[in-house]
Structures are given as structure tokens and as C-alpha cells.
Amino acid sequence: MCASHVIIGDGIAGASAAESIREGDPEAEVTVLTEEGEALYNRILIKEFAKGKLPAAPVSIHDPEWYDERDINLHLDTVVTDVDTDAYEVHTHGGETYEYDKLLVATGGTPTQLPVDNSDAEGVHHFWTFQDARAIKESAADAEKGVVVGAGLLGIDLAAICGAQNVDAHYLMRGESWWRYALSPEGAELIHEAMEDIGVTPVFDSGVDHFETDEESHVTAAVDPNGERFEADFAGVAIGLNFNTEFLRGSGIETDNGIITDEYMRTNVEDVYAAGDITQFHDVILGDRAQNGAWGSAKEQGSIAGQNMVADGPEAEFSWVSSYSITHFDFPFLSFGHPTRGDDSVERKYDDGTWRRVALKNGRVIGGVLIGDLSAQSVLKKLARRQLDVSERTDLLLKQGVDIDAFEERATTE
């Protein structure tokens, strides 16, 4: 009797797992359940679509025929209501029951809504799905003034969309700089200047106390906690994700702002795995629990989970240094690993458009941010993967030509 594998979620993690399962077991029954009404698309490219820079066609990755060709059962518009891990069953809102031998949860999250008055008004947008991107593109194209809330990697996408769509926008941030947990004020200043170049004005020590609306419940302004009013007929909000774990209540699967897994993407419940940004996984490089929503990380986690779901021998380990690029400005930007964590860091500004910061934990590289010059990324990521002690040579991390041999030679002599 062939094995039955059920995957909840058809993002890059779920789709990669399905592909790995099919490659590893051509006879297995593979079922993918997703709440969305369309098959896998590229979450990286939807921001370019929303900016009006890209047609819809390249955003889609898989069509239903892709699943048919691989004998993968894809069920769109399917909401999972609960998982019975004792009976090995998944139940849906439509009353269907899917039995499994191995289960993968890759449901991701949904954007967090601002807990302020009128945050659900017309013209207030969150950015996560292709459907969101379509609505944002249409709304921004008709808007004259806008506000963006959320000083992180998704928030800056919304700011760039405003710039590309010629929306006169204010970017309201709670702290003194953009992505203040990963960048110092000196590094963030490069981003602030780039925002202004595309017509977006950064506003610091701000945020939203409430939105104002017109008689048709459409947003007209945002008022910050200082009482300052910003007119806006478009608002973009990106303050984090709520992870989709409600349907797991009573399943016994351990959760903590996501699903807890080990380095093999296994949960605490036998035959249940998780992958993607929903996971709080054991990061073997960091030596601690971590969460990462980068596309490449989610894809690799899905692939690892799929391999292990059909493995007869030793399981594959997830060991990955993620990276995230921003392509909205005239200069390149890349973050890698865990730039917001660690117990130490080194940084350097090389010129008006080039800056680097490397985050360290226990004398080892765990992440960083590169602006302007990305040539050091390969070596820095190798240092993170190899977990070399660089505590005595941190100055070399900031050389424009980082030489990994200098660190490896020291490790060999110790």
C-alpha cells in the first residue's frame, strides 16, 4: 500500500516539499491543501507587479497542470479546520477528511492588523498575497497621498510601491531609523536618503494612533501618537505576521508564535513536519531556535522536510544561511543570516553609498547587512556556515576584499 502524504499550504515551502516527496517516492499519494485560490506564485516578484513594473504572467510559478503532471492532488480554496494527530486525519471547512501517513504544515501567516481605529477602512492595505498585490497596485495607481507603517523589509516594499506609483507618501516609523534592529543610524541613513529620492518622506518617532475616514469609510488621513496628521487616500501596513496555527489546537503539536521543529523539520508529534516562515526551527548555525521568512530558506526547509518524510535512512539536516535582497534603489542591498541577533557587531561606512555590518555571536558570524557593495557576501556566508571563530580578527570582516583563508589558517593552527 502506497504512503499518503498531506501538505497544508502551497507556498514555496509546501510546493518544494511536494516535489521532493514525488522525487523520493514515485508511488506515494501526495495531497496539497491551500486556502488560496491560485497555485504557487513568486512572492518576491509580487512587489514588482504592485509597482507596475511587471505583468502578472511572470509572477506565477506553477499552474494546475504542473501538479497534474506530477500526480500531485492540489485542492485550492480549502480551509483546514483541525488536525487529529491520533487518527492521522486532516479535516476541512467543507467537511472533507484527508488521511495521512506523514503530514507537513506549511501554512505561513497572515499580516497583523494595526490595533487602532479604522485600520480596516477602505484604502488600508496589507501586503502578503498576490491578491493583496493586485489590490495595492490598483489603489496606489489612483492615490495622490499615502502613508506607510512598519519599519522593516515588507514596509519598505510598500514605500517603494508608493514611489513607483507617484504617490506622495510619508513613512511613519516608531523609532529613530528604518530597521533599527539590524542597521545603525549611519547605515539606515543611506536608506532614508534613497526613500526621499523616490518621493517618500521618512518620519521618525511616529506611528499611527488612528486613521480618519470619509462618509464612504475610505481612509483620508493617518494621525500619529504625537497628534500630527498626514493626509492619505492610500495606506500600507506591514507590522508583522500572525502565524496560522489556530487549527492545530488540541493536536498536541507544540507552538510558540509558530510551530516548533528540530533541524530535520520534525515537530514534537510523530510523523508531523513543518516548514517555511511558520517554523521556529533549531538553527544549527546559530545554535538556537530561529524563525526566518526568506524565500530561499522556506524553499530549502520544504525540500528538507519532503526528503525526510520519505527517507528510509539518515535524515537530511536543515543548515542554511538565508539572504534577502532589496532592489528598489540605485544601489544593491542584501541582508543575510540573522542580522538582528547576536552579542556583538562590527560595521563600517566606506563611502556615501557603501556600508557593511556583521553580526556576531560567541565570536562567530551569524548575519549581516551589505549596502552598495555585495562582493563580501559569499565569504561572510561561508564563515557563518563553517562557524569559524573570528573574535581575534574582526577587523578583517570589514576589509573590502574579505579573505576566508586568513580565518581558516588561524582555525587550523589552534
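The values are calculated or read from the model by the stated rules, or taken from the named source; none is laboratory data. As the structure is a computational prediction, the values presented were derived from the model and not from experiment. Don't worry about glycine lacking a Cβ; one is built from the backbone with ideal geometry, like all the others, and counts go over all protein chains shown. Just so you know, the surface numbers come from the protein's heavy atoms only, side chains and all, with ligands and any DNA or RNA stripped out. Shrake-Rupley method; radii C 1.70, N 1.55, O 1.52, S 1.80 Å.
Taking the condition surrounded by fewer than 24 Cβ atoms within 10 Å (Cβ to Cβ) and in contact (Cβ under 8 Å) with a residue 40 or more places away in the chain, does Leu153 pass?
Yes.
Within segment 329-367, can you find the residues that are among the small types (Gly, Ala, Ser), surrounded by fewer than 19 Cβ atoms within 10 Å (Cβ to Cβ) and over 16 Å from Val390 (Cα atoms)?
Gly353
Quick one: which residue in Asp312, Asp373, Asp330 is more than 23 Å from Lys299 (Cβ to Cβ) and touching a helix residue (DSSP H, G or I) at 6+ places or on another chain (Cβ under 9 Å)?
After ruling out the rest, the residue left standing is Asp330.
Any chance you could count how many residues in segment 351-364 are closer than 15 Å to Ala182 by Cβ and either out of contact with any Phe, Trp or Tyr (no Cβ under 9 Å at 6 or more places or on another chain) or part of a helix (DSSP H, G or I) (or both)? Break it down stepwise before answering.
If we filter segment 351-364 for residues that are closer than 15 Å to Ala182 by Cβ, which is where we start, we get 355-361.
Add one more test, that the residue is either out of contact with any Phe, Trp or Tyr (no Cβ under 9 Å at 6 or more places or on another chain) or part of a helix (DSSP H, G or I) (or both), and what stays is 355, 357-361.
Total meeting the criteria: 6.
Looking only at segment 70-118, filter to residues that are surrounded by 18 or more Cβ atoms within 10 Å (Cβ to Cβ) and among the small types (Gly, Ala, Ser); which one of those is farthest from Ala235 (Cα to Cα)?
Across segment 70-118, the extreme among qualifying residues is Ala106.
Given the condition in contact (Cβ under 8 Å) with a residue 60 or more places away in the chain, within 24 Å of Met173 (Cβ to Cβ) and either of a type in the set (Asp, Glu) or open to solvent by 40 Å² or more (accessible area, probe 1.4 Å) (or both), answer yes or no: does some residue in segment 218-238 qualify?
Checked segment 218-238: at least one residue is in contact (Cβ under 8 Å) with a residue 60 or more places away in the chain, within 24 Å of Met173 (Cβ to Cβ) and either of a type in the set (Asp, Glu) or open to solvent by 40 Å² or more (accessible area, probe 1.4 Å) (or both).
Given the criteria in contact with a Leu (Cβ under 8 Å, 6 or more places away or on another chain) and farther than 20 Å from Ser378 by Cα, does Asp330 qualify?
Details: in contact with a Leu (Cβ under 8 Å, 6 or more places away or on another chain): no; farther than 20 Å from Ser378 by Cα: yes.
Spelling it out, it is not the case that Asp330 is in contact with a Leu (Cβ under 8 Å, 6 or more places away or on another chain) and farther than 20 Å from Ser378 by Cα.
State which residue is farthest from Gln377 (Cα to Cα) when the search covers only segment 317-326 and only residues that are surrounded by fewer than 18 Cβ atoms within 10 Å (Cβ to Cβ) and in contact (Cβ under 8 Å) with a residue 24 or more places away in the chain.
Just the residues of segment 317-326 that are surrounded by fewer than 18 Cβ atoms within 10 Å (Cβ to Cβ), to begin with: 317, 319, 325.
Filter again for in contact (Cβ under 8 Å) with a residue 24 or more places away in the chain, leaving 317, 319.
On the way: Glu317: 23, Ser319: 17 Å.
If we take residues in segment 317-326 being surrounded by fewer than 18 Cβ atoms within 10 Å (Cβ to Cβ) and in contact (Cβ under 8 Å) with a residue 24 or more places away in the chain, then Glu317 is farthest from Gln377 (Cα to Cα).
Got a sec? Which helices (runs of 4 or more DSSP H) wholly within segment 115-214 have at least 3 residues that are charged (D, E, K, R)?
Ranges flagged: 130-142, 185-197.
Which members of segment 175-205 meet the condition of being open to solvent by 20 Å² or more (accessible area, probe 1.4 Å), under 21 Å from Val223 (Cα atoms) and hydroxyl-bearing (Ser, Thr, Tyr)?
Once the filter is applied, which keeps residues that are open to solvent by 20 Å² or more (accessible area, probe 1.4 Å), under 21 Å from Val223 (Cα atoms) and hydroxyl-bearing (Ser, Thr, Tyr), segment 175-205 yields only Thr201.
Tell me yes or no: at least one residue of segment 375-392 is touching a residue at least 24 places away in the same chain (Cβ under 8 Å) and part of a strand (DSSP E or B).
Looking for residues that are touching a residue at least 24 places away in the same chain (Cβ under 8 Å) and part of a strand (DSSP E or B), one finds at least one in segment 375-392, hence yes.
Just for segment 54-69: of the residues that are without any contact (Cβ under 8 Å) to a residue 24 or more places away in the chain and surrounded by fewer than 14 Cβ atoms within 10 Å (Cβ to Cβ), which one is farthest from Glu27 (Cα to Cα)?
Only one residue tops the list, namely Pro55.
For segment 197-215, name all the residues that are out of contact with any strand residue (DSSP E or B) (no Cβ under 7 Å at 6 or more places or on another chain) and either under 11 Å from Trp178 (Cβ atoms) or of a type outside the set (A, V, I, L, M) (or both). Can you show your working first?
Step one: filter segment 197-215 for residues out of contact with any strand residue (DSSP E or B) (no Cβ under 7 Å at 6 or more places or on another chain), giving 197-198, 204-205, 215.
Residues satisfying the conditions are Asp197, Phe204, Asp205, Glu215.
Residues are listed down the side, and each one gets a yes or a no for (1) more than 22 Å from Asp352 (Cα to Cα); (2) among the hydroxyl-bearing types (Ser, Thr, Tyr); (3) within 24 Å of the chain's Cα centre (by Cα):
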position	(1), (2), (3)
Val167	yes, no, no
Met173	yes, no, yes
Thr201	no, yes, no
His218	yes, no, no
Ala222	yes, no, no
Glu228	yes, no, no
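Restricted to segment 7-24, and to residues that are open to solvent by 20 Å² or more (accessible area, probe 1.4 Å) and over 15 Å from the mean Cα position of the chain (by Cα), which residue is nearest to Thr107 (Cα to Cα)?
Within segment 7-24, the match that is nearest to Thr107 (Cα to Cα) is Glu19.
Consider Tyr88 carefully, then state whether it is touching a residue at least 40 places away in the same chain (Cβ under 8 Å) and closer than 13 Å to Tyr273 by Cβ.
No; evaluated as a whole, the condition is false for this residue.
Does Phe211 meet the test of being in contact (Cβ under 8 Å) with a residue 24 or more places away in the chain, open to solvent by 20 Å² or more (accessible area, probe 1.4 Å) and hydrophobic (A, V, I, L, M, F, W, C)? Can you show your working first?
Values: in contact (Cβ under 8 Å) with a residue 24 or more places away in the chain: yes; open to solvent by 20 Å² or more (accessible area, probe 1.4 Å): no; hydrophobic (A, V, I, L, M, F, W, C): yes.
So Phe211 fails the test.
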